[in-house]
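**Q** Take a look at this one; I'll ask things after.
Derivation of every value follows stated rules applied to the coordinates shown; laboratory data play no part. Model, not experiment: these values are computed from the prediction. A quick note on method: Cβ atoms are made from the backbone with ideal geometry, for glycine too, and the neighbour counts reach across all protein chains shown.
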Amino acid sequence: MNLRKEDGSITLEAAMVLPIFMLFVVFMASMIRISVAEIALNKSVAETAQFISTHAYPATIVTEGVNSIIDDKLTGMTLGTINLQEAEEFIGTSFREVMDINVTGSSFIQSFSDSKIKSVVQDKFADNVASNLFDESNVSVEVDLPVSLQGGEDSYIGISATYDLDLYVPFVSHTITIKKNAYERLWVGSF
């Protein structure tokens, strides 16, 4: 009987398979991190755009309410001889500019600067990932503000956000940039 010893064969097989298995595990962990960051960024941008678009309508209602109150008061004081539009034409400027009142739907939308919206998107991103594996300061934001609040093609708000994700892979130093866009039509009532 000639029996060969097979001591160490399991060790040799493990030494051959383990690096491939570990590479697969690291690859899967990286793909999961990329997917989580992409989903969180998409959700953050969409929620921010939706929030801004839904709050444009109340700002428009306030504008119309202020104009209506001023017109009613002016018409009442002049016994119906002058209305707000005629007074603004006579003065050559709007009543809001004369009284330094900046309550318009467009001023509400224009008051959002990139830095304000960036902080909102970053906060929502941090809430959506709920982990310290992601740095919300790597989120950068660009905003396309609407031209008009009157409805139609010009009343869309667009938010573009990018996130620079550093990969934690051995022997690889690479950054992946994820970009997400969200466009929402402003809720400005019927037109």
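**Q** Can you sort Arg185, Arg33 so the residue with the fewest Cβ neighbours within 10 Å comes first?
**A** Arg185, Arg33
**Q** Which value in nm describes the separation of the simple spin-label points at Trp187 and Asp127, placed 7 Å from the Cα toward the beta carbon?
**A** In this crude label model, Trp187 to Asp127 measures out at 1.7 nm.
**Q** Residues with beta-carbon under 13 Å from that of Gln50, excluding Gln50: net charge, scoring Lys, Arg +1 and Asp, Glu -1?
**A** +1
**Q** Of Val36, Val139, Val172, how do they rank once you tally other Cβ atoms within 10 Å and put the fewest first? Present the calculation step by step, with values, prior to reporting the outcome.
**A** Numbers: Val36 17, Val139 26, Val172 9.
Listing Val36, Val139, Val172 from fewest to most nearby Cβ atoms yields Val172, Val36, Val139.
**Q** Please identify which residues in region 171-186 have an amide N closer than 19 Å to a label point set 7 Å out from the Cα of Ser160, following the Cα→Cβ vector.
**A** 176-185
**Q** A follow-up question, please. If I model a spin label at Phe27 and Thr54 as a point 7 Å from the Cα along the Cα→Cβ vector, what separation in nanometres do I get?
**A** 4.2
**Q** I want to check the label-to-label distance for Glu153 and Ser119. Put each point 7 Å from Cα in the C-beta direction and report it in nm to one decimal.
**A** Placing both labels 7 Å along Cα→Cβ, they lie 3.6 nm apart.
**Q** Counting pairs of Cα atoms in region 118-187, how many percent are more than 19 Å apart?
**A** Roughly 47 percent, rounded to a whole number.
**Q** Sticking with this structure for a sec: Counting other beta carbons within 10 Å of each residue's own, what order do Leu145, Leu12 fall into, fewest first?
**A** Leu12, Leu145
**Q** Can you check what the net charge comes to around Ala37, using other residues whose Cβ is under 12 Å from the Cβ of Ala37 (Lys, Arg +1; Asp, Glu -1)?
**A** -1
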